[in-house]
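Step one of this worksheet: look at the structure below.
The values are calculated or read from the model by the stated rules, or taken from the named source; none is laboratory data. Just so you know, these numbers come straight off a predicted model, no measurement behind them. Ideal geometry is used to build each Cβ from the backbone, glycine not excepted, and the neighbour counts take in all protein chains shown. We work out accessible area using only protein heavy atoms, side chains counted, and drop any ligands, DNA or RNA first. Shrake-Rupley method; radii C 1.70, N 1.55, O 1.52, S 1.80 Å.
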Amino acid sequence: MARRYDPERRRRIIDAALRVVGEKGIAGLSHRTVAAEADVPLGSTTYHFKTLDELLVAALRQANEGFGRLVAGRDGLTDPSSDLAAELAALVGEWLAGDRAGAELECELYLAALQRPALRAVAAEWADDLTGRLGRRVDAGTARAVVALVDGMCLEALLFDVPYDEAWAREMFGRVLG
């Protein structure tokens with residue numbers, strides 16, 4: 001029997017992994033559950049991703065794309081004439097106002113790096129990108145502090161279901177930026 005060419009299969013498997021983690025958490029992720037969700041043979045998941053960590057790395061990288069697009073779309077982060085605190089507060093607000101399930105999923109995958117060292121490098125990619133952009137405006141230590149504040153604000157809003165207060169966030173970013 002001829003092998004069917006399916007150039008989108010890898011992407012469908014990653015999408016399915018994101019859905020499985022979103023519905024069942026990382027503990028519910030297996031090659032079998034992803035194959036069923038993607039409607040592909042089990043062998044396809046193990047062909048594209050030998051281990052669950054490989055699959056989680058791909059899923060986290062894809063999940064990070066949403067935040068990365070938001071960051072890339074904010075020219076004010078690197079524009080010296082813009083109010084950086086306001087830009088950062090608006091960025092966090094925009095991310096939190098988007099797809100809440102997607103934001104929770106990103107955070108779950110991000111925090112999974114605590115237990116899965118294979119995820120750490122990809123978990124750091126968005127922080128490194130934002131730190132690099134901020135480094136055009138502030139020193140490296142301040143940029144890292146701002147990224148830590150972004151992390152904390154996002155986790156607080158998602159974990160405790162606290163409404164995001166953009167004016168307060170702007171004030172806090174202003175304090176860190178000095």
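Helix 140-159 sits at what angle to the longest principal axis of the chain, using alpha carbons and giving 0 to 90 degrees rounded to 10?
Its long axis makes an angle of about 60 degrees.
So what are the three principal axis dimensions of the chain from its Cα atoms, in whole Å, longest to shortest?
65, 31, 26
Would you mind getting the accessible area per residue of the chain, heavy atoms of the protein chains only, 1.4 Å probe, in Å²? Display every interim value, and only then the final one.
Values: 9680 Å² over 178 residues.
Ligands and nucleic acids excluded, the figure is 54 Å² per residue.
Using alpha carbons only, how many degrees (0 to 90, rounded to 10) separate the axis of helix 120-134 from the longest principal axis of the chain?
That works out to roughly 30 degrees.
At 1.4 Å probe size, what's the solvent-accessible area of V147? Round to the nearest 10 Å².
10
Is the shape of segment 116-178 rounded, prolate or oblate, going by the alpha carbon gyration tensor and its root eigenvalues a ≥ b ≥ c, with a/c under 1.5 for rounded and a/b larger than b/c for prolate?
Numbers: a/c = 2.88, a/b = 1.10, b/c = 2.62.
In terms of gyration-tensor shape, oblate.
Are there trypsin sites (Lys or Arg not before Pro) in segment 1-91 that DSSP marks as loop and that have at most 11 other Cβ atoms within 10 Å, and which are they? Show your work: numbers first, answer last.
Working: sites: R3, R4, R9, R10, R11, R12, R19, K24, R32, K50, R61, R69, R74; in loops: R3, R4, K50, R74.
Taking segment 1-91 and a limit of 11 other Cβ atoms within 10 Å, the loop trypsin sites (Lys or Arg not before Pro) found are R3, R4, K50.
Using Cα-Cα distances under 8 Å and only pairs 6 or more residues apart, what relative contact order does the chain have, in percent? It would help to have the intermediate numbers written out before the result.
Details: 162 pairs, mean separation 38.6, N = 178.
It comes to 22 percent, rounded to a whole number.
Nearest 10 degrees is fine. How inclined is helix 84-97 to the longest principal axis of the chain, computing both from alpha carbons?
The two axes meet at around 30 degrees.
Given the C-alpha centroids of segment 29-66 and segment 90-124, what is the distance between them in whole angstrom?
Segment 29-66 and segment 90-124 have Cα centres separated by 17 Å.
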